[in-house]
Amino acid sequence: MDAFVIAGAGLTGAKAAETLRAEGFAGRVMLVGAEPDLPYERPPLSKGYLLGQDDRASVFVHDEKWYADQGIEVLTGRRVTALDRAAHEIELAGGERLGYTKLLLATGASPRRLRVPGNDLKGVHYLRRLAHADRLRDALAAGGRVVVAGAGWIGLETAAAARTYGCEVTIVEPSPSPLHATLGPELGGFFAELHRKHGVDLRLGTGVTGFAGDASVTAVQTEAGEIPADVVIVGIGARPETQLAEEAGLAVDDGVCVDASLRTEDPDVFAAGDVASAWHPAYDRRIRVEHWAAATNGGPAAALSMLGREVSYDDLPYFFSDQYDVGMEFTGWFPPGGYDRVVTRGSDEAFHAFWLAGGRVVAGLHVNQWDEGLDAVRELIRSGRTVDADALADPARPLPS
């Protein structure tokens, strides 16, 4: 009997397993994950679940009965330690080996660590797993002084959550604006003002040099001085978990290298989600996307490819964020500095923004513009046509025009 093994029991793996059964695969499906929990969605960990608005059961992709009914074997708390491509086997911690016909690497990413003195003090939090969110939620509910290291998406969302709990919040970021590499200074400035309006102290252009305290953190040391802290949240990005692939001799750059069908150079090994550096037909290069949509859509695409279907995974990158009363959706992609103009349309409270390169839209977002959304933005990006920037900025002109 064919055995399809999925290394990584997160959203990507769960969606791949779901698709295999939905497409009629009758062989053995094994979903193997290092965490003790069933596969769950990560966005609530910095949003509704962290705020106490979503209950624990709501974050799981499926319950235990669903996997049993589908004949999907879920091995939780079992870390994959090695990949033997010649034998078509993976090895688990403890030495157990599982054979596979096809293998999907969906090992995700882990938080980048701040390698500074005091990093192991109690009260220094990283947010990636459900258990991390549980501990951080308790810490924020207790109140006090919170320092967030990093003004990326995790940093900003957790800062918003901390303010909602009534904590005193300071963000420390070495770049000149929040989300500087992701959105550039134009939209980074919008998010800076949003947080200042809600009472957050932003310390931009300075980095963290250490944490002070005996057993628990009491202060954050920065290049510009010391900041008292009862809770520290470190959100400085994530590192793809490529070790399995690398040790097995598979090509790795920013992630596990795969083609547009999400297949590695080994015809029986695939990769999807946060760990995959996938060839994107629309950009004519490999890109790695760490957001929810890459897991939700990449897992099913990889499953179809494992079944021998023709797949060209060309979904436009997409992500969303909720901070205070602001909801945002973004689609598209550009490398750092890969645009020459930003065009906005709308009001200060609800607007669209477009990143242009050579007169063509390469990415766009909306803030609180739920009636229009992103469909027309996606069409503009995919068309590759030159746009009239003045018309694009005019809210009286419908986006599809």
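The values are calculated or read from the model by the stated rules, or taken from the named source; none is laboratory data. Keep in mind that this is a model prediction, so the values were computed, not measured. Cβ: placed from backbone, ideal geometry, glycine included. Neighbour counts: every protein chain shown. For accessibility, only protein heavy atoms count, side chains too; no ligands or nucleic acids. Shrake-Rupley method; radii C 1.70, N 1.55, O 1.52, S 1.80 Å.
Restricting the stretch 11-35 to residues that are in contact with a Lys or Arg (Cβ under 9 Å, 6 or more places away or on another chain) and closer than 14 Å to Pro300 by Cβ, the residue that is surrounded by the fewest Cβ atoms within 10 Å (Cβ to Cβ) is Glu23. For Leu50, the criteria (1) buried (at least 16 other Cβ atoms within 10 Å of the Cβ); (2) not in a loop (DSSP other than H, G, I, E, B) hold in every case but one, which is (2). Which of the residues spanning the stretch 251-283 are of a type in the set (A, V, I, L, M) and open to solvent by 30 Å² or more (accessible area, probe 1.4 Å)? Once the filter is applied, which keeps residues that are of a type in the set (A, V, I, L, M) and open to solvent by 30 Å² or more (accessible area, probe 1.4 Å), the stretch 251-283 yields Ala251, Val252, Ala282.
Does Glu329 count as within 25 Å of Arg42 (Cα to Cα), among the charged types (D, E, K, R) and open to solvent by less than 60 Å² (accessible area, probe 1.4 Å)? Here the answer is yes, as Glu329 does meet what is asked. Would you check if Ala294 is hydrophobic (A, V, I, L, M, F, W, C) and open to solvent by 30 Å² or more (accessible area, probe 1.4 Å)? It is false that Ala294 is hydrophobic (A, V, I, L, M, F, W, C) and open to solvent by 30 Å² or more (accessible area, probe 1.4 Å). Every test in (1) open to solvent by less than 50 Å² (accessible area, probe 1.4 Å); (2) on the phi > 0 side of the Ramachandran plot is passed by Leu38 save one, and that test is (2).
Number of residues in the stretch 300-319 that are buried (at least 23 other Cβ atoms within 10 Å of the Cβ) and in contact with a strand residue (DSSP E or B) (Cβ under 8 Å, 6 or more places away or on another chain) equals 5. The number of residues in the stretch 232-284 being touching a helix residue (DSSP H, G or I) at 6+ places or on another chain (Cβ under 6 Å), in a loop (DSSP other than H, G, I, E, B) and either farther than 23 Å from Arg309 by Cα or free of Cβ contacts under 8 Å to residues at least 12 places away in the same chain (or both) comes to 3.
Scanning the stretch 88-122 for residues that are under 21 Å from Thr242 (Cβ atoms) and of a type in the set (Gly, Ala, Ser) turns up Ala93, Ala106, Gly108, Ala109, Ser110. One residue alone among Leu20, Leu31 is out of contact with any Pro (no Cβ under 8 Å at 6 or more places or on another chain) and outside any loop (DSSP other than H, G, I, E, B), and that residue is Leu20. The number of residues in the stretch 115-141 being in contact (Cβ under 8 Å) with a residue 12 or more places away in the chain and either farther than 21 Å from Gln53 by Cα or assigned to a loop (DSSP other than H, G, I, E, B) (or both) comes to 11.
Take the conditions (1) more than 23 Å from Val362 (Cβ to Cβ); (2) touching a His at 6+ places or on another chain (Cβ under 7 Å); Gly213 misses just one of them, which is (2).
If the condition is being under 17 Å from Gly8 (Cα atoms) and open to solvent by 60 Å² or more (accessible area, probe 1.4 Å), then the stretch 64-84 contributes Glu64, Glu73, Arg78, Arg79.
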